[in-house]
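Here's the structure we're looking at; comments come further down.
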Amino acid sequence: MKIDPRNPREKVSTPKTVEIRHKKMAMIPNTRLLFISGPYHGATPWDREVNIYNAKALGVRVIKETNMFPIIPQANTACFDGLAPDARFLAGTLALMLRCDGVLMMPDWKKSKGARAEERMAQHMGILIAYTFEEIHQVFDLKTTKTICPQCGEDLSPF
């Protein structure tokens, strides 16, 4: 217990520090992030909803058929229209993409100015790109799922 300097008569309890050892993190596999790049906007609000739905459907397929985790920017900012300029959203999605292990281009990605910018940035940064879902297994080594502790080199993989 510590004494509160503003009121010496009251004692203040201090929270205990919880130490998390890397072995307790072994339940978290080395998850690879796959950025889904494609259109968000459409000619109508309905087109926008279809674009979001298609991106989410592709994300579901990524979850079911690979050991990667989809990052779906279309779904992340759905219903945020008008809150900020489009440039801010593109900057945010590019920042997300840079943290990913790869990019999957949606079939209609070329009609999106933002997706074209994401593809250029991924190429420039050397991020792996799959242009079809079927290419994912060719582009990415999906057999390796080990989690290695960067401090000691120990394999922390749960499986």
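Every number in this text was worked out from the coordinates using simple rules, so none of it is lab data. All values derive from a computational prediction rather than experimental measurement. As a convention, Cβ positions derive from the backbone with ideal geometry for all residues, glycine included, and neighbour counts pool all protein chains shown.
A few comments on the model shown:
- The phi torsions of segment 116-123, fed into the Karplus equation with coefficients 6.51, -1.76 and 1.60 and a -60° offset, translate into couplings of 5, 5, 5, 5, 4, 5, 4, 4 Hz, rounded to whole numbers, with Gly and Pro shown as x.
- Fewest-first sequence of CYS100, CYS79 by Cβ atoms within 10 Å of each Cβ: CYS79, CYS100
- Order of PHE69, PHE89 under a 10 Å beta carbon neighbour criterion, fewest first: PHE69, PHE89
- Each of LYS113, LYS64, LYS56 has some number of other Cβ atoms within 10 Å of its Cβ, and from fewest to most they run LYS64, LYS113, LYS56.
- Nearest-0.05 FRET efficiency for TYR53 and LEU33, computed from C-beta distance (R0 25 Å): 0.75
- Taking the inverse of the mean reciprocal distance over all distinct Cα pairs, the Kirkwood hydrodynamic radius of segment 27-139 comes to 14.2 Å.
- Taken along the Cα-to-beta-carbon direction at a fixed 7 Å, the label points for PHE69 and LYS113 span 3.3 nm.
- With each label modelled as a point 7 angstrom along the Cα→C-beta vector, the GLN123-ASN76 pair spans 2.3 nm.
- Segment 87-112 and segment 50-65 have their alpha-carbon centroids 15 Å apart.
- Close amide H pairs (under 5 Å, H built 1.01 Å from N) link ARG32 with PHE69, residues at least 5 positions away or on another chain.
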